Amino acid sequence: MSLALLAEWLRNLLSPQAQQPLLFTRIDFWIFLLVLWTGYLYVQRKLPTRNLYLLLFSLLFYYMSCGVFAIFAVLSILFNYGAGWALGRLQERWQRRGVLIASVGLNLGLLAYFKYANFFVAQLNALFGTDIVMNDVLGRAAWHLFGGDDTLAAVILPVGISFYTFQAVSYVVDIYRRQLAPLKSPIDFGFYLAFFPQLVAGPIVRASEFIPQMYRPYSVSQREMGHALFLILIGLFKKVVLSDYIALNLVDRIFANPQAYTGLENLMATYGYVLQIYCDFSGYTDIAIGVALLLGFRLSINFNFPYRASTLSDFWRRWHISLSTWLRDYLYIPLGGNRHGQAVMWLSLMGTMLLGGLWHGADWTFIIWGGAHGLGLVVSKLIDRLPTQILARRDVQILRRVLTFQYVALLWIFFRAQNMEQATEVLGQIVHQFHPQAWLQALAGYKVVLLLMALGYTLHWMPLEWIERTRGRFIEAPLWAKFAITVAASLLFLHVQTADLQPFIYFDF
């Protein structure tokens, strides 16, 4: 690449109007990573310099992804570093509690403003017949101060704000609980909060897991390099080959107008979305974990084959693990958990899942999705109390796996639908307009999509030892073989990739 082309690329990405996230599926991201890695070779063993270097590139990455809204990430770094510093120095309980309340309140208040202001204003208008218009005051001020225009109307959600807010809250709460010592350097805290591979869509990284790695010398073995490359290729395959193709050629079409399609096609789109959202989100985290490992940082897995779950509780131990454990430690247990009897446990479960649903989006569809999962968890725990000899039966175990998958698939309809009307239309078509006689026509019309769905589900449900054997063989393969596989995979991704790149689903959350 010539210097002139590189300069033009930088000018385009750094313009104040840059609004498109720097997707892992865009060549721009891999150029960004190449530029970062070139300098990283010189600073990787100088810990303070390395942390500052990665912080600056992380903020640059975030600015490239959401423009001037990156200022809110910077403000979050400064504010929460100060809150942690204060909690580390104060000894009086009332003072520490005051800092905690102020910190958590401001963090969640800012998140609520961006995420829920439009929703609550719409509910007020519907309830009282008013015509209140919600203007994005903070967004307009940011654009005005940092070189944009001030024409914003509806509140715009900055990419990744839910993820770095939850990380900040966990950091402050852990210091308050005296489970974590506050970081001495704002640069180090900024690096923890803004580390770019997982900044915009997770996984949610705990300070207790990440901070110790910030003070260790760079060390990545050849096997770990192979594992990182394997994760990146698998993540891109999930996203580009499976998720995006299924979305564009089946799910998006049918959910856009459910009544134009038979119930059979709506059911196909539902199962398509079940696979799409898993491949999309787990694909992102695979790439994020792989990129972080290349830089010498180990992030915990975020998905563990969730559609193999035997119960709904098991599903939530496998799906979006970093969020599930965050909700458990900072919401479910403080609400009472299982320490104060069945009634409190059930209420804690319902409250946690309702708020978890609302975290995903400001709409009644997400509230219903979260509430139904809470109800399902309560029922699942009641079933677990049946005699062991019944639960251990092979047919009972198979039935529970099948029912768990079907229940999760049913609820994904509410998660995917744009509103309640669309969700009820999909369900109505499945129940009342199924037309099973049209299955041959459906096979002919969606054969490529269905083949990819069959491939995706087969890979998900194949024996784990086959998956581990494949991963092991790739890691142990000679360098030339890894290079050949990477080139072939890259050509495949370029061939199937659409001109209109699809953002990762969880960028909206």
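The values are calculated or read from the model by the stated rules, or taken from the named source; none is laboratory data. These figures come from a predicted structure and were not determined experimentally. Here Cβ is always computed from backbone atoms with ideal geometry, including for glycine, and neighbour counts include all displayed protein chains. All accessible areas refer to the heavy atoms of the entire protein, side chains included, with ligands and DNA or RNA removed. Shrake-Rupley method; radii C 1.70, N 1.55, O 1.52, S 1.80 Å.
Out of (1) open to solvent by less than 20 Å² (accessible area, probe 1.4 Å); (2) outside any helix (DSSP H, G or I), what's the single condition that is false for Arg298?
All conditions are met except number (1).
Any idea which of Gly472, Gly428 is at pLDDT 90 or above, open to solvent by less than 40 Å² (accessible area, probe 1.4 Å) and either touching a Lys or Arg at 6+ places or on another chain (Cβ under 9 Å) or more than 26 Å from Ser282 (Cα to Cα) (or both)?
Only one candidate qualifies: Gly428.
Got at least one residue in segment 352-361 being under 26 Å from Gln429 (Cβ atoms) and polar (S, T, N, Q)?
No: segment 352-361 contains no residue that is under 26 Å from Gln429 (Cβ atoms) and polar (S, T, N, Q).
Which ones in segment 382-419 are open to solvent by less than 60 Å² (accessible area, probe 1.4 Å), outside any loop (DSSP other than H, G, I, E, B) and within 29 Å of Pro258 (Cβ to Cβ)?
Once the filter is applied, which keeps residues that are open to solvent by less than 60 Å² (accessible area, probe 1.4 Å), outside any loop (DSSP other than H, G, I, E, B) and within 29 Å of Pro258 (Cβ to Cβ), segment 382-419 yields Thr404, Phe405, Val408, Ala409, Leu411, Trp412, Ile413, Phe414, Phe415, Arg416.
Which ones in segment 301-312 are outside any loop (DSSP other than H, G, I, E, B) and either among the aromatic types (Phe, Trp, Tyr) or buried (at least 17 other Cβ atoms within 10 Å of the Cβ) (or both)?
Matches in segment 301-312: Pro306, Tyr307, Leu312.
Is it the case that segment 211-225 has a residue that's assigned to a helix (DSSP H, G or I), open to solvent by 10 Å² or more (accessible area, probe 1.4 Å) and among the hydroxyl-bearing types (Ser, Thr, Tyr)?
Scanning segment 211-225, I find at least one residue that is assigned to a helix (DSSP H, G or I), open to solvent by 10 Å² or more (accessible area, probe 1.4 Å) and among the hydroxyl-bearing types (Ser, Thr, Tyr), so the answer is yes.
Yes or no, residue by residue, for (1) surrounded by 18 or more Cβ atoms within 10 Å (Cβ to Cβ); (2) closer than 21 Å to Leu23 by Cα:
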{"site": "Arg45", "(1), (2)": "no, no"}
{"site": "Thr49", "(1), (2)": "no, no"}
{"site": "Leu52", "(1), (2)": "no, no"}
{"site": "Leu55", "(1), (2)": "yes, yes"}
{"site": "Met64", "(1), (2)": "yes, yes"}
{"site": "Leu75", "(1), (2)": "no, no"}
{"site": "Leu78", "(1), (2)": "no, no"}
{"site": "Gly84", "(1), (2)": "yes, no"}
{"site": "Arg89", "(1), (2)": "no, no"}
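Cβ-Cβ under 9 Å, sequence separation 6+ or interchain: first residue in segment 269-287 and open to solvent by 10 Å² or more (accessible area, probe 1.4 Å), partner in a helix (DSSP H, G or I) and among the hydroxyl-bearing types (Ser, Thr, Tyr). Which pairs?
Going by the 9 Å Cβ cut-off, the qualifying pairs are Tyr271/Tyr457; Gln276/Ser243; Tyr278/Ser243; Tyr278/Tyr307.
Which fully enclosed helices (runs of 4 or more DSSP H) of segment 101-209 have 1 or more residues being at pLDDT below 90 and surrounded by 18 or more Cβ atoms within 10 Å (Cβ to Cβ)?
Fully inside segment 101-209 and qualifying: 137-145, 161-176.
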